[in-house]
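Participant: If you scroll down you'll find the structure; I have some questions about it.
Just so it is clear, none of the values below were taken in a lab; they were calculated from the coordinates. It should be emphasised that the depicted structure is a prediction, and the values quoted were computed from it without experimental measurement. Cβ coordinates were reconstructed from backbone atoms using ideal geometry, including for glycine residues, and neighbour counts include every protein chain displayed.
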Amino acid sequence: MKKCMMACNLHGLGDLRYEEVPVPGIKDDEVLLEVKAAGICGSDIPRVFEKGTYHFPAIPGHEFAGIVAAVNRGDEGLMGRRAAVFPLIPCGKCEACQTGEYPQCADYDYYGSRRDGGFAEFVAVKKWNLVFVPGSIPLEHAAMCEPCAVAIHALSRTGISLGDTVAIFGAGAIGLLAAQAARGWGAGKVILADVDAKKLAFARELGFTCTVNTLEDDPAEYIRSVSGGRGADVALEAAGVSAAVEGCLTSVKASGSVVLMGNPAKDMHISQKAYWEILRKQLLLKGTWNSSYNDAHNDWRLALECMERGIFDLSRMISRRFSFAECGKAFELARLREEFYVKIMFEKGGGT
């Protein structure tokens, strides 16, 4: 095994360098994963340009998949295995960990922010965090296991039933994945709302005929018009903005449920009218965070099953592919958004 590798190393805000770094050593509970594909998450953009990682330098990237390239003695059976990586490393000691609610861990570690992540040739990964990928699933799709699992987890919180009308506010990557999962699980109608006409046009390319541009039309009126006047059975907020929260509250039916998933960039506010919607319609509000990863409920395994069943159209969702050497170009595209994209993927061997 070589001693050095190339990585996208963040030295400070906006200072992402493609440079040579040492190949990480592996502890007794780890393997060395050769990264074959890694996606840029929406949260990676402020992490690189505004908020930073928990220390500098650091290698970002928490959506990645690859092949086990080196192991410790006794783990030879893991060599060559294809795997995605659950990015959260729980402490294993707190109350949440004792019940398997690892995203609620009081003292967790995290690949790509608190420790080095997947924007590199190799990364040391805890064996516990490996999610083994069937050979039928391309590794660039496996690298999207994390957003797929997050979308599945959020959708499971809605209490969706067969034939339900599902309204999703926010047609970004996670919203589109949640829409595909809802359709695959038997929703009668899936409605996507957004302010971006290009996102909605792409949603229609994926087969979602019910879309509403909230800059042009009242989403609540539109949703009632396509649901026989009832409103949505469940609504999922996937934009992280106040208007999307209000849209969910006003468009969902009486006694319906609303799940808040979008990660806000600033303070959130709702009007008195929207607050009354919660009271008068006796709505059920839930939050969602990360994904379940335990033996009783594993959103990651379910994400892989959905991929195998063709529920997710991931090939079309990957808009652009870059090599790690092109990390500067890839992140500028992600930050400026001058070109429409859904998911930007780093892949070994080059880009498009």
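Participant: Hey, can you grab everything whose amide H is under 5 Å from the amide H of residue 343? Only 5+ residues off in sequence or another chain; H modelled, so Pro and N-termini drop out.
Facilitator: Amide H to amide H, under 5 Å and 5 or more residues apart or across chains, residue 343 pairs with 319, 320.
Participant: With unit charges on the beta carbon (Lys/Arg positive, Asp/Glu negative), name the residue among 285, 269, 143 whose Cα is farthest towards the positive pole of the charge dipole of the chain.
Facilitator: The residue sitting most towards the positive pole is 285.
Participant: By per-residue mean of other Cβ atoms within 10 Å, what is the highest-first order of 68-76, 249-257?
Facilitator: In descending order of packing, they fall as 249-257, 68-76.
Participant: Rounded, prolate or oblate for the stretch 148-287? Axes are the square roots of the Cα gyration tensor eigenvalues, ordered a ≥ b ≥ c, and the cut-off for rounded is a/c under 1.5.
Facilitator: Because its axes are fairly even, with a/c under 1.5, the stretch 148-287 counts as rounded.
Participant: Same structure, new question: Which Cα, out of 154, 223, 258, lies furthest along the positive dipole direction of the chain (beta carbon charges, K/R +1, D/E -1)?
Facilitator: The listed residue farthest towards the positive side: 223.
Participant: Report the charge-dipole magnitude of the stretch 148-287 in Debye, nearest 20, computed about the Cα centre from +1 at each Lys and Arg Cβ and -1 at each Asp and Glu Cβ.
Facilitator: Numbers: 14 positive and 13 negative charges, 70 e Å.
Magnitude of the dipole: close to 340 debye.
Participant: Taking 0.36 nm per residue of separation and subtracting the Cα-Cα distance, what length does fully extending residue 282 through residue 323 add?
Facilitator: 9.7 nm
Participant: Same structure, new question: With a 10 Å cut-off between alpha carbons and a GNM built on the chain, which of 120, 334, 296 moves the most?
Facilitator: Looking only at 120, 334, 296, the biggest GNM fluctuation is shown by 296.
Participant: Turning to a different aspect of this structure: Using a 4.7 Å cut-off between beta carbons, which cysteines in the chain end up with no partner cysteine at all?
Facilitator: 4, 41, 91, 94, 97, 105, 145, 148, 210, 248, 306
Participant: Among residues other than residue 94 whose Cβ falls under 14 Å from its Cβ, what is the net charge (Lys/Arg +1, Asp/Glu -1)?
Facilitator: Neighbourhood net charge equals -3.
Participant: With runs of 4+ DSSP H residues as the only contributors, calculate the mean residue ellipticity of the chain at 222 nm using -39,500 (n - 2.57) per run, divided by the residue total and rounded to the nearest 500. All intermediate terms of the calculation are to be shown ahead of the outcome.
Facilitator: Details: 11 runs with 92 residues, N = 352.
Rounded to the nearest 500, it is -7000 deg cm²/dmol.
Participant: Sticking with this one: Return the distance in nm (one decimal) between the two label points of a simple spin-label model at residue 126 and residue 99, each offset 7 Å from Cα along Cα→Cβ.
Facilitator: So the label points at residue 126 and residue 99 sit 2.0 nm apart.
Participant: Now for a separate question. When the Karplus curve 6.51 cos²θ - 1.76 cosθ + 1.60 is applied with θ = phi - 60°, which whole-Hz ³J(HN,Hα) does each residue of the stretch 281-292 get, with x for Gly and Pro?
Facilitator: 8, 6, 6, 9, 10, 9, x, 9, 8, 6, 7, 7
Participant: Count neighbours as other Cβ atoms within 10 Å of each site's Cβ, and list the GluC sites (Glu not before Pro) in the stretch 205-263 that are DSSP loop with at most 14 such neighbours. Write out the running numbers ahead of the final one.
Facilitator: Working: sites: 205, 216, 221, 237, 246; in loops: 216.
For GluC sites (Glu not before Pro) across the stretch 205-263 that sit outside H, G, I, E and B with at most 14 neighbouring Cβ atoms in 10 Å, the list reads 216.
Participant: Hey, another quick one. Would you pull out the residues with amide H under 5 Å of residue 288's amide H, same chain only if 5 or more places away, H placed 1.01 Å from N?
Facilitator: Here the answer is 260, since their amide H atoms fall under 5 Å of that of residue 288.
Participant: Then there's this: Rounding to the nearest 20 debye, state how big the charge dipole of the chain is about its Cα centre with +1 on each Lys and Arg Cβ and -1 on each Asp and Glu Cβ.
Facilitator: Dipole magnitude for the chain comes out near 320 debye.
Participant: Please report 338, 19, 146 as a ranked list, fewest other C-beta atoms within 10 angstrom at the top and most at the bottom.
Facilitator: Fewest-to-most Cβ neighbours within 10 Å comes out as 338, 19, 146.
Participant: Might you report the magnitude of the Cβ-based charge dipole of the stretch 87-194 about its Cα centre, with Lys and Arg at +1 and Asp and Glu at -1, to the nearest 20 debye?
Facilitator: Result for the stretch 87-194 is approximately 180 debye, rounded to the nearest 20.
Participant: Apply the Karplus parameterisation 6.51 cos²θ - 1.76 cosθ + 1.60, with θ equal to phi minus 60°, to every residue of the stretch 68-83 and state each ³J(HN,Hα) to the nearest whole Hz, in sequence, with x for glycine and proline.
Facilitator: 5, 10, 7, 9, 8, 4, x, 10, 4, x, 8, 4, x, 6, 8, 8
Participant: Going by average Cβ density within 10 Å per residue, which order do the peptides 33-43, 100-110 take, highest to lowest?
Facilitator: 33-43, 100-110
Participant: Still on this structure: Calculated FRET efficiency, residue 215 and residue 335, Cβ-Cβ r, R0 22 Å, to nearest 0.05? Could the numbers behind the result be given before it?
Facilitator: Details: r = 23 Å, r/R0 = 1.04.
Once rounded, the FRET efficiency stands at 0.45.
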